[in-house]
Each structure stands twice: as C-alpha cells, then as structure tokens.
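Here the structure is laid out as structure tokens; the discussion comes afterwards.
The values are calculated or read from the model by the stated rules, or taken from the named source; none is laboratory data. These numbers were taken from a predicted model, which means no experiment stands behind them. Here the Cβ positions follow ideal geometry from the backbone for every residue, glycine too, while neighbour counts run over all protein chains shown. We work out accessible area using only protein heavy atoms, side chains counted, and drop any ligands, DNA or RNA first. Shrake-Rupley method; radii C 1.70, N 1.55, O 1.52, S 1.80 Å.
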Amino acid sequence: MARDLQEQIKKLIIDRRLPSGAVLPTEPDLMELLGASRNSVREALKALQAMGIVEIRHGFGTYVGPMSMAPMIEGLAFRTVAGHYRGEDSLLQLLQLREAVETGLVSRVAGNVPPGDLAVLDALVERMEAEATAGAGLAETDRAFHATLYRGLGNLLLSELLEAFWDAFHRVRTDLVELPQDPKVTCRQHREILDAVRSGDSGRAEDAIREHFGNIRTRLTATVPNETSRLPNERV
C-alpha cells in the first residue's frame with residue numbers, strides 16, 4: 001500500500017507537469033484523491049522526501065522537491081564504504097565507473113567544445129598550475145575543469161550524474177585511504193586532455209583520459225587497505 005501511494009503521488013506530479021518548487025495538494029486533498037488515510041499519506045510523503053522527490057515544509061505545505069542526485073550520492077558513498085570494510089575493491093570499482101563514463105564522453109566533445117568553454121578550460125589549467133607551484137590544493141579547480149569539459153553537451157542529467165560519481169568517490173576516498181599525488185603530473189595530464197580535445201583528435205583525447213585515470217588507479221591500488229588517514233580533499 002505504501003509503495004502504491006508513492007507511485008500515485010509521483011504519477012500526480014508527472015500528470016500535472018509540476019516543476020520543482022510547485023505546491024502539491026494538501027494532505028486532506030491527497031487523502032481524498034488517493035482514497036488513503038492521513039498516516040498512509042504522510043508515510044508515503046516522507047519516503048518521497050527521502051528520495052528528493054517532494055519537500056515537506058512544516059507549517060507551509062508540501063512541494064515538488066529538487067529531484068537531485070543527493071540520495072544517489074549517499075547510497076553510492078555508503079555502499080562503497082561498506083564494501084571497502086568487507087574487503088571488496090569498492091572504491092576502485094567506483095573509480096572504474098567514472099572512468100568508463102568519461103572515456104566515452106571525451107571523444108564526443110573532442111573538436112566540439114565551444115570557444116568560450118575552451119577559454120575557461122585554459123584559465124582553469126593555468127590556475128591549477130599556479131596552485132601546484134604554490135603548494136595549494138587543486139580540488140575546486142580540478143572539479144571545475146571536468147564540469148566545464150562536458151557542459152557543452154547540454155545534458156543536465158549527465159552533468160548531475162558526473163557530479164554524483166565525483167562526490168561519492170571523493171567523499172569516500174578522503175575518509176578511507178591516503179592517495180598521495182604529484183600536483184605537476186596532475187596538471188600535465190589535464191593540459192594533455194585539453195590539448196587533445198582542442199585538436200579534435202578523439203583517439204588522443206581518450207588516451208589522455210585513460211592515462212589520467214590509470215594514474216589514479218595505480219596510486220589507489222598501491223595504498224594500504226582500510227587506511228583511515230585523512231588528507232586534504234584532493235580531487236582528480
């Protein structure tokens with residue numbers, strides 16, 4: 001019954017074409033529409049809120065939620081941590097998933113990145129190089145590079161999915177293992193990715209991405225299992 005009510009509320013949102021932030025019918029209205037008790041409706045709404053599908057604002061009402069990837073990130077992070085402590089290569093598996101997605105995408109953007117985005121990518125690599133020289137963390141600059149690289153595809157869902165993989169991997173990685181890096185190597189690899197994409201050579205771009213992730217994979221597999229030392233939030 002609870003699952004059925006959840007599906008009916010989701011169908012209501014779809015049928016009425018309600019956007020994020022739109023007001024949903026009140027509890028009494030939902031009870032009448034769905035033929036369900038107040039407690040059943042409330043339980044269904046709570047479950048949908050946990051998924052980010054609805055947002056309950058106490059004293060104000062219930063709204064269509066942001067429908068973000070946050071629940072997916074939480075699930076990926078928890079599954080990876082649990083697997084890690086069971087002796088599984090769960091962190092490596094999550095990295096491989098992200099690598100597979102980006103390897104497939106980079107050939108599509110090679111030669112097709114808008115000039116404005118190329119200029120932004122140039123500036124980001126230069127900033128990354130300056131941060132490496134100064135001994136500063138590369139986290140946010142590195143993250144911005146990957147987000148900018150694919151945004152020209154105009155696929156919002158894809159962008160959110162990449163962010164979900166990124167967040168889950170790095171949240172878990174910084175908690176579980178020490179992953180030392182050479183900032184100069186990281187900068188060089190990003191420069192190579194950018195040069196390959198700019199040239200329009202999809203094969204070279206794929207090779208650059210594979211080298212980049214291969215370096216991360218090598219460092220990851222060389223770490224001591226279950227190590228809990230925390231480092232600054234390095235991004236890759």
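Here the accessible area is traced with a 1.4 Å probe on the protein chains. For the chain, carbon and sulfur cover 54 percent of it.
Please get the size of the charge dipole for the chain, origin at its Cα centre, with Cβ charges of +1 on Lys and Arg and -1 on Asp and Glu, quoted in debye to the nearest 20. Please report the intermediate quantities before stating the final value.
Working: 28 positive and 34 negative charges, 89 e Å.
Computed about the Cα centre, the dipole is about 420 debye.
When its C-alpha radius of gyration is set against 2.2 N^0.38 Å (N residues), the chain gives a value of 1.24. Considering only P66, P25, P183, give the residue with the highest GNM mean-square fluctuation for the chain, with springs between Cα atoms whenever their separation is below 10 Å. Residue with maximal mean-square fluctuation among P66, P25, P183: P25. On full extension, the segment bounded by K46 and K184 gains 44.9 nm, given 0.36 nm per residue less the C-alpha separation.
With a cut-off of 10 Å between beta carbons, the residues surrounding T103 carry a summed charge of -2, where Lys and Arg count +1 and Asp and Glu -1. Each residue, N39 and D122, gets one label point 7 Å from its Cα in the Cβ direction; the gap between the two is 6.6 nm.
Over the chain, accessible surface divided per residue gives 52 Å², non-protein components excluded, 1.4 Å probe. For chymotrypsin sites (Phe, Trp or Tyr not before Pro), the sites in segment 59-160 that DSSP calls loop and that have at most 15 other Cβ atoms within 10 Å are F60.
Projecting the Cα positions of L97, I53, Q8 onto the charge dipole of the chain (unit charges on Cβ atoms of Lys, Arg, Asp and Glu, taken about the Cα centre) puts Q8 furthest along the positive direction. Between the residues S202, T26, S107, the greatest Cα displacement towards the positive end of the dipole of the chain, with unit charges on the Cβ of Lys, Arg, Asp and Glu, is found for T26. For segment 14-147, a simple Cβ point-charge model (Lys and Arg +1, Asp and Glu -1, everything else neutral) yields a dipole of about 560 debye relative to the Cα centre.
Loop-located trypsin sites (Lys or Arg not before Pro) in segment 1-45 (DSSP state other than H, G, I, E, B) with a sparse environment of at most 15 neighbouring Cβ atoms within 10 Å: R16, R17. Each of C187, G83, P71 was scored by the projection of its Cα onto the charge dipole of the chain, and the greatest displacement toward the positive side belongs to P71; charges sit on the C-beta of Lys, Arg, Asp and Glu.
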